[in-house]
1. Per residue Cα convex hull volume for segment B:429-491, in cubic angstrom?
2. Assign unit charges at the C-beta atoms only (+1 for Lys and Arg, -1 for Asp and Glu), then state the dipole size of segment A:237-298 relative to its Cα centre in Debye, rounded to the nearest 20.
3. Other chains' Cβ within 10 Å of B:301-308 residues: what's the mean?
4. What's the magnitude of the charge dipole for segment B:163-234 around its Cα centre, counting Lys and Arg as +1 and Asp and Glu as -1 at the beta-carbon? Answer in Debye, nearest 20.
5. Give me B:472, B:49, A:291 sorted ascending by neighbouring Cβ count inside 10 Å, so fewest comes first.
6. Taking each label point as 7 Å beyond Cα in the direction of the beta carbon, state the distances from residue B:395 to the same residue in the other copies, shortest first, in nm.
7. Quick one: which residues, 5+ away or cross-chain, put their amide H under 5 Å from the amide H of residue B:457? H built at 1.01 Å from N.
8. Exposure proxy check: B:72, A:410 ranked by fewest other beta carbons within 10 Å?
Protein chains: 2
Amino acid sequence: MTKRNDAPSNPDRRKLITSAAAVLSVAALQTPTAEAKSKSGGTQTGSVDVIVVGAGLSGLTSARELVKKGKSVVVLEARDRVGGRTWTTAVGARRYDLGGQFVGPTQDRIRAMAKEFGLEIKPVFSDAKHIWELGDERVEFEGSVPALSLLQKLDLGHIINKMNALAKRVGPTTPWAVSDAAELDAITLAQWVKENSYKKSSRDFAKVMTRAVLGVDPDEISVLLWSYYVAQGDNIEMLIGGRGGAQDSVIEGGSQQLSLRMAKDLGAAVKLSQPVRRVMHDAAGVTVETDHGNWRGRYVVMAIPPAMNTAITFTPSLTGDRRDLETRAPMGRYAKVVITYEKPFWRELGYAGDVGSLRGPVVASYDDSSNEGPALLGFVGGDDERLWRKLSAPARKAAVLECFARWFGSEALKPLAYEEKDWTVDEWTFGGPTIALPPGVLSRYGAALRQPIGRIHWAGTEAAQRWTGYMDGAIRAGEQAAADLLTRLTK
Amino acid sequence: MTKRNDAPSNPDRRKLITSAAAVLSVAALQTPTAEAKSKSGGTQTGSVDVIVVGAGLSGLTSARELVKKGKSVVVLEARDRVGGRTWTTAVGARRYDLGGQFVGPTQDRIRAMAKEFGLEIKPVFSDAKHIWELGDERVEFEGSVPALSLLQKLDLGHIINKMNALAKRVGPTTPWAVSDAAELDAITLAQWVKENSYKKSSRDFAKVMTRAVLGVDPDEISVLLWSYYVAQGDNIEMLIGGRGGAQDSVIEGGSQQLSLRMAKDLGAAVKLSQPVRRVMHDAAGVTVETDHGNWRGRYVVMAIPPAMNTAITFTPSLTGDRRDLETRAPMGRYAKVVITYEKPFWRELGYAGDVGSLRGPVVASYDDSSNEGPALLGFVGGDDERLWRKLSAPARKAAVLECFARWFGSEALKPLAYEEKDWTVDEWTFGGPTIALPPGVLSRYGAALRQPIGRIHWAGTEAAQRWTGYMDGAIRAGEQAAADLLTRLTK
């Protein structure tokens with residue numbers, strides 16, 4: 001069974017879920033509320049301090065922070081569920097994350113939120129052999145920081161160090177302001193790697209890295225964008241790392257719980273299945289139109305990916321740098337697969353379950369076992385996603401399972417359940433995990449990621465000043481938008 | 001007076017027009033028809049063979065070719081006028097083109113259409129001194145092919161020849177199919193020029209060239225895209241050339257006449273002020289929704305810039321390569337200014353009126369005199385447009401006039417009228433003259449420019465196999481879409 005849209009593919013299976021009471025208590029937020037349904041086609045208006053567009057982690061965080069300070073909000077969401085690019089759903093009889101999942105060190109904001117909600121952040125199983133596959137070469141190794149020993153073997157130390165140094169210089173906040181921003185933005189990462197490495201293995205490594213981290217190939221992004229992205233997440237070892245890195249831990253019970261809990265607290269303020277069609281804004285306020293009615297607010301927070309704004313009519317038109325940015329901010333090509341098993345057979349063979357590979361289609365895998373049971377997950381990113389998505393559903397599944405069988409033996413071919421979610425063909429994101437800017441964009445338009453336009457503020461992980469592209473960045477950007485608005489609302 | 005939107009800024013002045021009876025006879029097509037107005041908010045439905053979205057040159061050409069063969073069509077246009085990126089309008093008491101205007105050699109299709117409508121194609125005044133300004137250096141020269149002698153002086157011959165050779169090898173039709181497409185698409189034109197030239201003047205020249213031709217700077221596009229664009233227009237001398245080049249001639253009375261005449265012939269089939277909001281498509285047919293009702297057709301032709309499709313809801317979603325393309329296909333930053341004068345004083349000083357300059361904001365100018373009277377025109381493109389558009393209206397005008405005064409003396413500061421049209425901030429195109437693809441896009445997604453998706457066909461100059469980005473390409477793409485549909489409709 002494959003899962004191309006994000007409607008639960010087998011609602012019956014959800015009845016089997018017993019381990020996550022917290023999730024069940026807010027399960028109603030997964031499907032259209034009775035209220036939203038009854039209003040369908042009607043006119044549902046209201047006036048609030050702030051209208052939030054998008055009920056992902058970022059939009060909900062904004063709304064929550066504003067409500068905490070006594071402001072009135074409405075959150076308008078196109079999907080029939082909250083959570084945006086996070087989505088915890090049925091994989092066979094169990095529940096796993098088919099969207100954003102990992103929590104790493106220095107991701108303080110998501111850790112704080114999980115703690116507040118009493119959710120457990122649990123390290124990914126990692127204390128066993130890791131695998132890297134570049135071309136036909138397979139390297140197995142142990143250690144809590146897999147990158148380091150491998151990098152030495154592959155002679156990648158030089159280029160990694162050089163990239164980290166560049167990232168440090170560019171910094172996480174205003175990369176467009178460094179003196180050579182234009183030069184760094186005029187060259188693709190592919191070209192930079194070619195000029196700064198002598199071995200094919202280095203170029204292969206770069207491809208695994210960007211496919212796994214951003215869902216693109218190195219020829220699609222600028223060196224400035226990559227440096228900024230690395231700086232936002234500290235360094236390359238952190239971005240690609242399992243244990244000790246950005247893939248260190250997960251939220252037991254699933255990442256979507258954060259959004260579900262926030263939405264539950266916000267109650268009727270969250271409106272599902274209401275795609276925003278138009279945003280009218282002037283000095284007096286903002287009117288937001290959905291298919292079900294108009295909302296009036298003093299301000300609006302757009303908490304959706306930049307490119308999604310082009311699907312909304314802004315009156316007056318959203319022109320200038322922001323619109324230029326939005327037409328130049330493609331998302332990565334990114335899919336996730338989760339496969340459940342009776343037993344964690346890979347552990348029995350001495351493997352941690354994490355792999356980095358260029359043989360395709362799965363570019364990176366991890367052990368995804370939780371209280372729900374043993375599982376593996378994989379990412380399909382960049383050009384491999386593009387090839388893979390053109391296959392039939394059975395062929396896609398077979399191609400994925402073949403990867404795991406190559407790595408961990410034929411036991412991998414006998415899963416309990418298999419699910420996939422290709423965010424690239426999701427009509428509400430156009431891809432994932434985040435924007436991947438080509439040359440020429442960040443140096444010119446970076447500031448437009450965060451700069452409000454009149455009464456329009458920007459959230460979404462793309463607006464973050466730390467951990468952009470990650471769940472932590474989504475929360476940070478949501479908090480920032482709320483803080484900015486609280487300043488304006490109290491004036 | 002400035003013109004930021006494309007509503008005529010002074011309707012009274014239009015009454016003064018006497019020289020273009022053909023234009024006047026269809027002037028009603030410049031503003032909402034009574035029919036469209038009366039239907040506003042109502043439901044206006046119909047069933048046709050083909051629904052055409054966009055009443056620019058390309059969409060109207062498609063509709064016209066289909067009607068010629070007895071097919072029924074409706075053309076849905078968001079603007080309150082036809083013509084798309086062509087627009088002939090009042091500049092003071094006269095009429096000039098504030099959009100696409102020039103016709104060059106080998107542009108057979110637009111020449112044929114102009115001839116059919118009895119319109120005169122008139123060479124631009126050119127038999128006098130030309131000016132190039134790179135940095136502080138000003139070069140004046142004569143000759144019908146200005147590029148050649150200048151290129152020798154500036155030692156640009158080598159890089160121009162190399163680019164032409166590359167364009168010839170890449171070709172105009174399927175650039176993504178050449179063996180090194182990925183490599184050519186992995187490097188920006190800026191980087192390529194840097195690696196293939198030794199003088200700053202070459203890099204400056206490249207900047208003038210891309211700003212004038214595509215409205216972008218060389219760091220924003222890939223070498224593959226540029227090679228393809230050059231191949232579509234034969235060679236670089238042709239693209240940048242005045243007399244004998246792509247800027248050889250103009251249509252007396254204005255380019256919009258072509259669209260106005262086609263629209264007149266199509267009559268009530270052309271619906272203005274009806275932005276398309278949704279396209280529903282399946283094996284049985286297509287339903288297109290506007291604010292004023294639904295249209296049912298057997299096929300649809302989308303004749304709008306690729307990025308504009310993201311503003312339309314496709315059901316089922318437009319996913320895959322086409323959507324990937326659309327989120328990666330920014331338009332150039334492009335504005336046009338027209339300035340009318342009592343006398344062509346530049347000619348009296350021995351100048352042709354054409355200039356290429358990097359001093360900004362005007363990157364290229366031409367003599368724009370017609371039967372209407374003496375005039376000059378200028379393009380503001382690439383990063384200069386971005387700086388210029390942030391100025392106040394009076395400051396923008398002053399900055400433009402200052403360029404012409406620097407080139408042709410203080411007489412330039414005393415115009416009869418000044419008009420500007422910044423296509424970059426136009427809500428129905430997001431820029432101009434056409435798409436300018438960054439690295440990584442054309443090699444992957446080029447085929448999606450033309451490949452139909454079910455019952456959806458693509459027109460617009462971006463789909464052309466010759467002269468993409470030009471009016472001629474718009475007509476070619478329109479003809480191609482009609483030919484493809486006629487084959488399908490007669491099956």
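Readers should treat all values here as calculations from the given coordinates under stated rules, not as data from a laboratory. These figures come from a predicted structure and were not determined experimentally. A quick note on method: Cβ atoms are made from the backbone with ideal geometry, for glycine too, and the neighbour counts reach across all protein chains shown.
1. Working: hull volume 6.1 nm³, N = 63.
Cα convex hull per residue, to the nearest whole number: 97 Å³.
2. Values: 8 positive and 7 negative charges, 59 e Å.
Using Cβ point charges on Lys, Arg, Asp and Glu, segment A:237-298 gives about 280 debye.
3. Details: counts 0, 0, 0, 0, 1, 1, 6, 2.
Per residue, the average neighbour count from other chains is 1.
4. Values: 8 positive and 9 negative charges, 64 e Å.
Using Cβ point charges on Lys, Arg, Asp and Glu, segment B:163-234 gives about 300 debye.
5. On the way: B:472 29, B:49 18, A:291 14.
Ranking B:472, B:49, A:291 by Cβ neighbours within 10 Å, fewest first, gives A:291, B:49, B:472.
6. Values, ascending and in nm: 5.7.
7. Result for residue B:457 returns B:300, B:301, B:302.
8. Numbers: B:72 16, A:410 11.
Least crowded to most crowded, the residues run A:410, B:72.
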